[in-house]
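A short worksheet on the structure shown next.
The values are calculated or read from the model by the stated rules, or taken from the named source; none is laboratory data. As the structure is a computational prediction, the values presented were derived from the model and not from experiment. All Cβ positions, glycine included, derive from the backbone under ideal geometry; neighbour counts span all protein chains shown. Each accessible area value is taken on the protein alone, full model and side chains, heavy atoms only, with ligands, DNA and RNA left out. Shrake-Rupley method; radii C 1.70, N 1.55, O 1.52, S 1.80 Å.
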Amino acid sequence: IGILTFHYSNNYGAVIQCLSLQKQIESMGYSVEVINFIPSKNIIKELIKNLGFRKKSKKTGSFISRTVETARKLLIMIPYSHSLNKNFTEFRKKELKLSRRVNEKSIRTIISEYDAIIAGSDQIWNPSQRKHPYYFLDFGIDFKGFKISYAADSTTSEITPESLDNLKKALSGFTYISVRNEHSLQFVKTITGHECDITADPTVLYNLDLHLSSGKSDEKYILVYILGKEIEGSHFQAIKKIKEKYGDRPVYSIKIPTMDFEFFDYADKTFYDADPAKWLQLIKNADFVYTDSFHGVLFSLKYHVPFLAYYSEKLRATRFMDLGKRYGIEDFIVNNIDEIEEKNSIKTPPDFSKIDSLLKKHREYSIEMIKKIFYEKKI
């Protein structure tokens, strides 16, 4: 079995969900390999993007303040980008069973080695990927094996007319399609005219504690893991409300210096180059997690850590709304500071017994779907 996903990204959720899917399928008795497909990148373009030099930038402040912020980012990015990349690379080499490295030109040379290829999970079908065939398993040559998607996310159900025909052609070649949320189901239904299964993110399927040591500690702290824009009403106000409930504990922040990040000046300690195992440990040991990360929420649920999740961007809203309804955590996902009080998001902790029950039900259903399709197709 080959897995094709965003494993190459220095993003905690992307790497951990890939490892979880690999481990789950291995536990079912299959030989699994992560297809080491790494798309070509324009390094200069990525650097400019991450420093915030964007067309029609909405950033406020004087030229001097923006220049100072850029200088601060460079002082972080230059040393920590290297160490972060090193830590992620070592983790991937140790934990993932990787194929030989391929790119857009050479990926065709490897696909015949698999009886089935699984596309997923993560946002592999997001709008930026729809002009590219790879994560839709359209390689431009005949593939004799089975094409499967597992818990793929389209980010949005909206489809441009010019991409519809290519998407229809690509998805028509799949043996089995599953997605991880309602908007992705609508995306598939619009293209194919058929419903599909909604399966759990791979991180729900497999208990990585069985594989990665991440013991509990007595350290007391509030963990902040932010990937996108600031919450409406400010992070400062959100942290203030959390401390009113949990005490004036130190704030630990996790940042990815290779992404477009904002400084969190209220953090007592910032981790810029934690590897995925350390990321899991920081979530597990936290007294409270404040995040806009999908996987940050899922591991807070798994580890029974009280949390507050928020979304600011439209493309983040869909997955959080689905997550809230699916696991009964709507009260702990907000769009702005005012909703924290309206929903009583911090003062009343989540009912983890109910959440565990919903996660267990979804996990069992999802594993059964994998077994069913593998059995029916005699993979």
Efficiency of FRET from Cβ geometry, LEU315 and ASP165, R₀ 22 Å, rounded to 0.05: 0.40
Percent RCO, i.e. relative contact order, over segment 93-176, from Cα pairs under 8 Å lying at least 6 residues apart: 33 percent
Sulfur and carbon atoms: percent of accessible area, the chain [1.4 Å]: 51 percent
Among ALA152, HIS132, THR270 the positive-end extreme of the charge dipole of the chain (Cβ point charges): HIS132
Cα gyration tensor shape for segment 203-273, rounded if a/c is under 1.5, else prolate or oblate: oblate
Contour excess over end-to-end distance, with Cα ends at GLU368 and GLU182 and 0.36 nm allotted per residue: 65.0 nm
Selection of chymotrypsin sites (Phe, Trp or Tyr not before Pro), segment 238-278, meeting DSSP coil and at most 16 other Cβ within 10 Å: PHE263, TYR266
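Rounded, prolate or oblate, given the Cα gyration tensor of segment 236-306, with a/c below 1.5 counting as rounded?
Oblate shape, in that a/c is at least 1.5 and b/c is the bigger or equal ratio.
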Using a Förster distance of 35 Å, the FRET efficiency for GLU158-SER31 (Cβ separation, nearest 0.05): 0.40
Cα long-axis angle, helix 12-27 against the chain (0 to 90 degrees, to the nearest 10): 40 degrees
Whole-number accessible area per residue in Å² for segment 138-240, which is evaluated in the context of all protein chains at 1.4 Å: 45 Å²
Helix axis angle, 63-95 relative to the chain longest principal axis, alpha carbon, degrees: 50 degrees
Helix-only [θ]222 nm of the chain, DSSP H runs n ≥ 4, -39500 (n - 2.57) each, per residue, nearest 500: -13500 deg cm²/dmol
Label-point separation, GLN237 to SER172 (7 Å along Cα→Cβ), nm: 5.2 nm
FRET efficiency estimate (nearest 0.05) - Cβ-Cβ, THR67 to ILE379, R0 51 angstrom: 0.35
Sequence of GLU195, GLU313, GLU364, GLU262 when ordered by accessible area, the most exposed leading, probe 1.4 angstrom: GLU195, GLU364, GLU262, GLU313
Net dipole in debye of the chain [+1 Lys, Arg Cβ; -1 Asp, Glu Cβ; about Cα centre; nearest 20]: 900 debye
Cα gyration tensor category, rounded, prolate or oblate, for segment 85-133 with a/c compared to 1.5: oblate
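Based on the mean of other Cβ atoms within 10 Å per residue, sort peptides 15-27, 199-211, 105-117, 166-178 so the most packed one is first.
15-27, 199-211, 166-178, 105-117
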Mean Cα-pair separation over length for the chain, i.e. relative contact order, pairs under 8 Å, 6 or more apart, %: 16 percent
Residues listed by number, segment 320-342, amide nitrogen under 16 Å from GLU244 label point at 7 Å toward C-beta: 336-342
In nm, spacing of pseudo-spin labels at GLU330 and ASP287 (7 Å Cα→C-beta vector): 3.1 nm
Per residue value of the accessible surface for segment 312-360 (all protein chains in place, 1.4 Å probe), Å²: 53 Å²
